[in-house]
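Everything below concerns the one structure shown next.
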Amino acid sequence: MQRILDYFRSSIRTPKSRSVGAEVETQFVDETGHAIQTQISQKMLGWLAENGWNVDCRKGNLITTLVDQNGNRIFYELGRHNMEVSTVASTSEHIFDVVNICLAQLYDAARRFGAEPYFRPVLNGDEDLLVIPDERDAIWLELDGRTALAPLARTSSVQFTISVATQEAVAILNKFGERIALFLADFPQNVAWKKYITDSRASYRKDRFGGPLIFDSLEQYCQELVKHEVVCGAQLKPHKEVSNLNIPLFLRSVWWHFRLKRYANVLCIEVRPMARRSDAHIQTQLAMVMDIVAS
């Protein structure tokens, strides 16, 4: 527990102002309403790579991640048709503009190849849409099994990451936890995530998704975290058996609704349970999140 507590405390600076990053997942469909094929999403990424974006990662011949001159990224989110825009940090006043600029370019690329954004959080159907763009996802596939993981490829969410000072982090986490009903009122993929936890061959603790919502202290937050085993290759191991813990990767593998993250020397809270709706709704979701932070 101590090494995770140190990770959240050591050399953390208090931000002079509140910064916000966004992650927006968007599923793309063809004219019949079905998920686009991999060759179409590849054409989209290829066109962007020739028009202002750079290829950051490949898997074989597949483009898997793009980055622009500002550091914003576009990459696959489990599904062959599902793209995530991950922005650099900005202010709460400007982050929506950053998101819109990135999404507009992604939509432009899509429409050149007969694809349209699907503004709903769950795409119904039974076809396996999984695409495994990197080693991390390949590990999860082996650990969970395809049957458990595949339905998550049909979901899309909106997430915000907000910088916080160490001394206020738990209080703000608790503000979100107390208002969980506001988020779950429109988060239909909650069902898919719970089924994933149940169906996975990994035998996760049930609270690895969603997690605790109220904490007494940062120490208690870390104590709750280390109850979850560490993904080591395609197996889970207790913390005490893992000497060289990759803390950022471990934190990403515990899918609490509201969780702490660290970027360089800045402590942040990631707010996760928000459904992908229209682009205009992203601004509404941002306002709700920032109102809770300021409450």
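The values are calculated or read from the model by the stated rules, or taken from the named source; none is laboratory data. On a predicted model such as this, the values are computed, not experimentally measured, just so you know. For neighbour counting, all protein chains shown are included, and Cβ atoms are generated from backbone atoms with ideal geometry for every residue, glycine included.
Taking the stretch 215-235 as the range and being at pLDDT 95 or above, surrounded by 14 or more Cβ atoms within 10 Å (Cβ to Cβ) and not in a helix (DSSP H, G or I) as the test, the residues that pass are Phe215, Val226, Lys227, His228, Glu229, Val230.
Would you mind telling me which numbered condition in (1) part of a loop (DSSP other than H, G, I, E, B); (2) more than 17 Å from the chain's Cα centre (by Cα) Asp291 fails? So Asp291 meets the others, but not (1).
Being acidic (Asp, Glu) and either assigned to a helix (DSSP H, G or I) or on the phi > 0 side of the Ramachandran plot (or both) is a property that Asp56 lacks. Of all residue pairs spaced 6 or more apart or on separate chains, those with beta-carbon atoms under 7 Å, a first member in the stretch 137-154 that is in contact (Cβ under 8 Å) with a residue 60 or more places away in the chain and a second member that is small (Gly, Ala, Ser) and part of a helix (DSSP H, G or I) are Leu152/Ala192.
Just to be sure before I move on: is Leu173 part of a helix (DSSP H, G or I) and at pLDDT 95 or above in the structure I sent? So Leu173 fits the description; yes. For Ser11, the conditions (1) part of a loop (DSSP other than H, G, I, E, B); (2) at negative phi all hold with the exception of (2).
Listed here are the residues, each with its yes/no results for (1) in contact with a Phe, Trp or Tyr (Cβ under 9 Å, 6 or more places away or on another chain); (2) of a type in the set (Lys, Arg).
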site	(1), (2)
Gln105	yes, no
Ala109	yes, no
Arg112	yes, yes
Pro117	yes, no
Asn124	no, no
Val131	yes, no
Leu143	no, no
Thr147	no, no
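Of all residues in the stretch 236-248, those satisfying the criterion of being under 23 Å from Leu267 (Cα atoms) and in a helix (DSSP H, G or I) are His239, Ile247, Pro248.
The residue that is farthest from Leu251 (Cα to Cα), counting only those in the stretch 266-288 that are of a type in the set (A, V, I, L, M) and either free of Cβ contacts under 8 Å to residues at least 24 places away in the same chain or not in a strand (DSSP E or B) (or both), is Ala280. Restricted to the stretch 60-73, and to residues there that are in contact with a helix residue (DSSP H, G or I) (Cβ under 6 Å, 6 or more places away or on another chain) and not in a loop (DSSP other than H, G, I, E, B), the residue that is farthest from Ser41 (Cα to Cα) is Leu66.
Evaluating Tyr76 against the criteria (1) touching a Ser or Thr at 6+ places or on another chain (Cβ under 8 Å); (2) of a type in the set (Phe, Trp, Tyr); (3) closer than 22 Å to Gln283 by Cα leaves one unmet condition, (3). Taking the stretch 161-186 as the range and being touching a Lys or Arg at 6+ places or on another chain (Cβ under 9 Å), farther than 23 Å from Ser10 by Cβ and surrounded by 19 or more Cβ atoms within 10 Å (Cβ to Cβ) as the test, only Phe183 passes.
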